[in-house]
Every structure is written in structure tokens, then in C-alpha cells.
Amino acid sequence: MNMNALTMTWGIAGLTALGVITRPFAWPEAIWAVLGALLLVGIRLIGVHDAWTGASKGADVYFFLIGMMLLSELARQEGLFDWLASWATLQAKGSAKRLFVLIYGVGIMVTAFLSNDATAVVLTPAVCAACRAARVKNPMPYLLICAFIANAASFLLPISNPANLVIFGGGTMPPLWRWFATFTLPSAASIATTFLLLYWTQRSSVASDYVSPDVRDIRLSPSAKLAGFGLVATAFILLVASALDFDLGLPTFVAGCATTAAILLVTRQSPVRILKGVSWSVLPLVAGLFVVIEALNRTGLIETLAELISGGASRAQGQTAALAGAIVAVVSNLVNNLPAGLVAGGAVQAADVSDKVAGAILIGVDLGPNLSVTGSLATILWLTALRREGLHMGAWDFLKLGVIVMVPALVASLGVLAFQ
């Protein structure tokens, strides 16, 4: 690839990332990702076959998202979220602080066992319902928990973030005992630091908030119980698939489709209403980003990064790990962490580095996106869930909060990883 084509490829990739982040003309993020991909193909910076190869690399992610979004929409429509909202507000017993802590704890569990994307698409509507049930004046502090814990707890388990499987692809996934040895303490540092700083930034709103103790106790319908069973079964299936080193997308897709079919049979309703509720625009967004990253890969990006990581690790492993983690954290906010993880994963596997260096890069990919609204797919899904509820979070407001919350959490996690 000549220098002119190289410059144009990087320029289009940068403009695509800018479009996804800033959403000019209020167009959805997916439009800018697809336009960037089409432009690269249209001026022949990447061939049609190569673009298809790039898009197809996200197949497992597409299956995962479809399955998880189906499960979420089923849970919403069948009233499972309303039941969860009733339970949460009853447990809060009129205390806004207790409700904040309770939601944070549930967020950790959902992220750990169902993935960060599930926290965005499953927990966010439940929190919205809980805030309505409790007549909370300002629901945003509680909703911010869904966005931040989705990334802060996303390296507790291999299944907690699809990006984990991208980093440790190609048979390089460490066994579960080695995963715990590497990531348990950094995860604890990430979760604790994020909680303390997020609560500190929202303390005035939470302290002045009113949570109604008079909440109607909702009974679960048979279809809602079936939706809940589908979510629990999916979590179990993902744990087994992860332990056997299988891709998670297809099992999640099958679980989502099976649960959908079962509920449709029980309720005798048309699938149209459920399918309409799914945020399908997320799929072309991810596909467009994968095409852009494939074009960047054609410039020799992975080979260059692998050489830099390998050379740095051989001279100063600790410094290389910290620097690589910090750089990947920033880059993940520019191009989204899934395609960034794809590139970083390829470089990690090519460089054949230690668990410490690979772990630092994974922490950057997982935790770094708490800086911006488009850093991770989970946060984009969270924004979509907010819009459905008529709520809004600006990119600049989130960035200001992200600097306060994410940067210390990243430093704490990388620091613990370096010294353990």
C-alpha cells in the first residue's frame, strides 16, 4: 500500500470514529460506521472481498447481540423488569443510598455472568422501571451505574465481555484458575474505585433524592418466569461454553431464539412485536467498524504493533504492560473497544507475550471505554436504552464524568496487576 492510500485509509478511519462519537446531524452511530466502510470500498482502499472478510469476523458478536437483545426484549415485554423494579425498591426501604448500592451489586452480578452488553440491555430498563416505581426525581445517577459497572466488572470472568474472547482468541484463552490469578485483584480494584468515584460524583443527587417505600408488589406471570429462566439458563450455557473454550455467540443466539419460541407458544402472540423492539441498528454499526479495522489491518498495523509490544516486553515488561494498557484504553474510545480489541488481540497473539502484558491490554480494552459514550458496545446499547425511555446523556457530559471515574480506576487496576 502506497503512502497516499495509507494516509487516506487512516484519515477515513479517523473521520468514521469522529462521526460515531459526535453523531453529526443527530444521525445514528450506525450510519457513520457504514458510510466509512462504504467509502473505503468505494475508492478501493479495501476490496469487496476483504471488506466481507472484515465484517464476517464479527459473526460471533452478531449472534451474541441478537440472542441477548431478544432475551432483553422478552423480559421487558413480559413484565420481568417490572417485577425486578418492585423487588429492588422494596429492598431499598425508602433509602436512595441503599438503592444505589443495591443496583451496583446487581450490576456486578449481571456483568459477570451475562456480559457487559447484557447489563446495558437487560439491567438498564429494569433500573428505569425501578426509578419510576419509587418515584425517584432524578434517575440518572442510578442509570449511570449500568453504564459504568458494565465495563468496570467486565474482566471478572472470561464471559463478562465478548472482547475478552477477542483478545485471547485462537486457543490462547488461559484456564479459569489462571484467569482468576491474573484478574481477580485488578477486577476488585476496578469495581471498588469505580463505585467510590461514581458515588462521589452523584452524592448530592442521591442524598437529596426521595425513594418511595410504598411500592406495589408485582407477581410474576408464567411468561415472565419463562423469560427469567431463559436468562439464567443462558448464563449457565455461557459459563460452560467459556470453560470448554467455545465461541459464545451461537449458544447465546440459540438460547434467545429458544426462549422466544417458548414464550410465543405459551402466550400465543405474534413475534412481530418482539422483533420490532430489538435495536437492530447495532448490527450494521458493529459490521461497519469491523470493516474499517480490516482496512487498517491491511496497512500492516497488527505486525507493527506486535513488534513494538514484543520488543518493549523483552526490555521492560512492567512498563510495557502499563503503557500498552493505557494506550489501548484511549484508542478503544476512538474506534470502539470491539474492533480495537480485535487488533490488540491479533498483536498479542503474534507477539506471544506474558499474561501480565496481555492482561494489561485486556484491562485497557475492557475498562478504558468508561471514558466516552461510544467506547464500548455496551455503552452504545445503554444509550439506545435511554433513548427508548425518553432520556438523554450528552457525549461531553459523559466524557467529563468518565475522566473522573475511569482514569483512577484504570490506574488502580493496572497498578495492582503490575505489583501482584
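Read-outs throughout are calculated quantities, based only on the coordinates presented, and are distinct from any laboratory measurement. Only a predicted model underlies this, so the values are computations on that prediction, with no experimental measurement involved. No Cβ is skipped: glycine too gets one built from the backbone with ideal geometry, and neighbour counts run over all protein chains shown.
How long is the gain from residue 178 to residue 391 if the chain were fully straight, where each residue apart is worth 0.36 nm and the alpha carbon distance is subtracted?
Going from the current span to full extension adds 72.5 nm.
Take residue 420 and residue 243, extend 7 Å from each Cα along the Cα→Cβ direction, and tell me the distance between the two endpoints in nm.
It works out to 2.1 nm between the two label points.
Work through the residues other than residue 183 whose Cβ is under 12 Å from its Cβ and net out their charges, Lys, Arg +1 and Asp, Glu -1.
0
Given a Förster distance of 22 Å, report the FRET efficiency between residue 400 and residue 330 from their Cβ-Cβ distance, rounded to the nearest 0.05.
Approximately 0.85, to the nearest 0.05.
Which value results when the Cα radius of gyration for the range 1-41 is divided by 2.2 N^0.38 Å?
1.21
Across the chain, how many lysine pairs, 8 or more apart or on two chains, come within less than 28 Å at their alpha-carbon atoms?
8
Sort 384-394, 265-275 for me by packing, meaning the mean count of neighbouring Cβ atoms within 10 Å per residue, highest on top.
384-394, 265-275
Using only Cα atoms, locate the centre of the range 1-56 and the centre of the range 133-203, then give the distance between them in Å, rounded to an integer.
Cα centres, the range 1-56 to the range 133-203: 30 Å.
Mind checking which of 326, 181, 306 has the largest fluctuation in a GNM of the chain, springs on alpha carbons under 10 Å?
Result for the chain, Cα springs under 10 Å: 181 fluctuates most.
Say each of residue 350 and residue 258 gets a label point 7 Å from the Cα, pointing the same way as Cα to Cβ; how far apart are those two points in nm?
Taking the simple label geometry, residue 350 and residue 258 are separated by 3.9 nm.
Kindly rank 232-239, 357-364 from highest to lowest mean number of other beta carbons found within 10 Å of each residue.
357-364, 232-239
Applying 1/(1 + (r/R0)^6) with R0 = 60 Å to the Cβ-Cβ distance of residue 281 and residue 314, what FRET efficiency is obtained, to the nearest 0.05?
FRET efficiency, residue 281 to residue 314: 0.85.
In Å and from the alpha-carbon atoms only, list the Rg and Dmax of the range 27-141.
Gyration radius and largest Cα-Cα distance of the range 27-141: 19.5, 61 Å.
For the chain, taking Cα atoms only, what is the radius of gyration to one decimal and the Dmax to the nearest whole Å?
When restricted to Cα atoms, the chain yields Rg and Dmax of 20.9, 68 Å.
For the range 183-271, just run the numbers: alpha carbon Rg, then divide by 2.2 N^0.38 Å, N being how many residues it has.
Compared with the compact-globule rule of thumb, the range 183-271 sits at 1.63.
Please arrange 382, 87 by counting, for each residue, the other beta carbons lying within 10 Å of its beta carbon, fewest first.
The order, fewest Cβ neighbours first, is 87, 382.
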